[in-house]
Amino acid sequence: MSNAGILYLVGTPIGNLEDMTFRAIATLKKVDLIAAEDTRHTGKLLHHFGIDTPQISYHEHNAHRRVPELVEKLQQGMAIALVTDAGMPAISDPGVELVQGCIAAGLTIVPIPVVTAGIAALTASGFDTQHFGFDGFLPTDKKERRDRLDILRTEIRTMILYEAPHRLLRTLSDLAETLGQDRCIAIARELTKLHEEFWRGALSEAIAYFTTHPPKGEFTLVLEGAVPTAKPMWTEDVVIKELQGLIDSGVSRSEASRQLAELADLPRRQVYQLALSL
């Protein structure tokens, strides 16, 4: 068996230090090195739990050079823990690049889970938890943001977003404009912390509330999924009627069959056979 080291993805509290797990503490104590997003921030956490393992910085600005360095250390047999400032590494975090580097190198990766803001907010949202998705922070680029919002408009799953306080009202306004004023949303603030708060209602009501209550703290948004649109019933009679209409307008049988097969999500050969019967 290879003597290469193991990368541990260690989850840390998103606010309340009592959420730190025994396994996370034990792991941080036994590894050779801790790769931290902010060594000063993590240093306070380590001091609180009496952990003296050395740290090395790993963040979005140095990930490109740190990944090969850390992979090499792991290949030499070191055990390394990756931590972010709060929650699980690699979630809205450059840790994913190190994970990908380790996978490419054939190294072992062990996740040490902890509470995450998205899942915590989802469970208390009151929305469907059987089918959901995570979209992190919306893009700031206008076109990318518009494209993402267009996708959310018809997404029938419950969707989880993160947002900073100074951008909350803009995001709520963009969501209301694209998804509709009546789309329901649950907004969690300062999860697990002293001033944890949940707000639930329509997007229009959320805008009104946070206009008079200036946003403070970190926010997790949980959007109710869109109502599924009913698909047309493509019976044989309906298909024939639509084919006849296309052919009467000058479209060839072959092209009419192609267009309708694509629209109705039916086999082209099946539609073409009906077109031949006309």
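Worth a mention:
- Matching helices (runs of 4 or more DSSP H) fully within segment 196-278 where at least 1 residues are within 30 Å of Met159 (Cβ to Cβ) and touching a residue at least 12 places away in the same chain (Cβ under 8 Å): 203-212, 253-264
- Flag for Arg148 being assigned by TED's automatic domain parsing to the domain that holds Gly126, of a type outside the set (A, V, I, L, M), at pLDDT 95 or above and surrounded by 13 or more Cβ atoms within 10 Å (Cβ to Cβ): no
- Every listed requirement among (1) more than 22 Å from Glu218 (Cα to Cα); (2) touching a strand residue (DSSP E or B) at 6+ places or on another chain (Cβ under 7 Å) is met by Arg65 save one, (2).
- In segment 88-99, the residues that are crowded, with 22+ Cβ neighbours inside 10 Å form Cβ pairs under 7 Å with partners that are outside any loop (DSSP other than H, G, I, E, B) and not aliphatic (A, V, I, L, M), at six or more places apart or across chains, as follows: Pro89/Gly95.
- Test for Pro54: is it closer than 23 Å to Thr21 by Cβ, out of contact with any Asp or Glu (no Cβ under 7 Å at 6 or more places or on another chain) and exposed (fewer than 15 other Cβ atoms within 10 Å of the Cβ): yes
- Failed criterion for Leu149 (all others in (1) assigned to a strand (DSSP E or B); (2) of a type in the set (A, V, I, L, M); (3) over 21 Å from Pro214 (Cα atoms) hold): (1)
The values are calculated or read from the model by the stated rules, or taken from the named source; none is laboratory data. These numbers were taken from a predicted model, which means no experiment stands behind them. In this analysis, Cβ positions are derived from the backbone assuming ideal geometry, glycine residues included, and neighbour counts consider all displayed protein chains.
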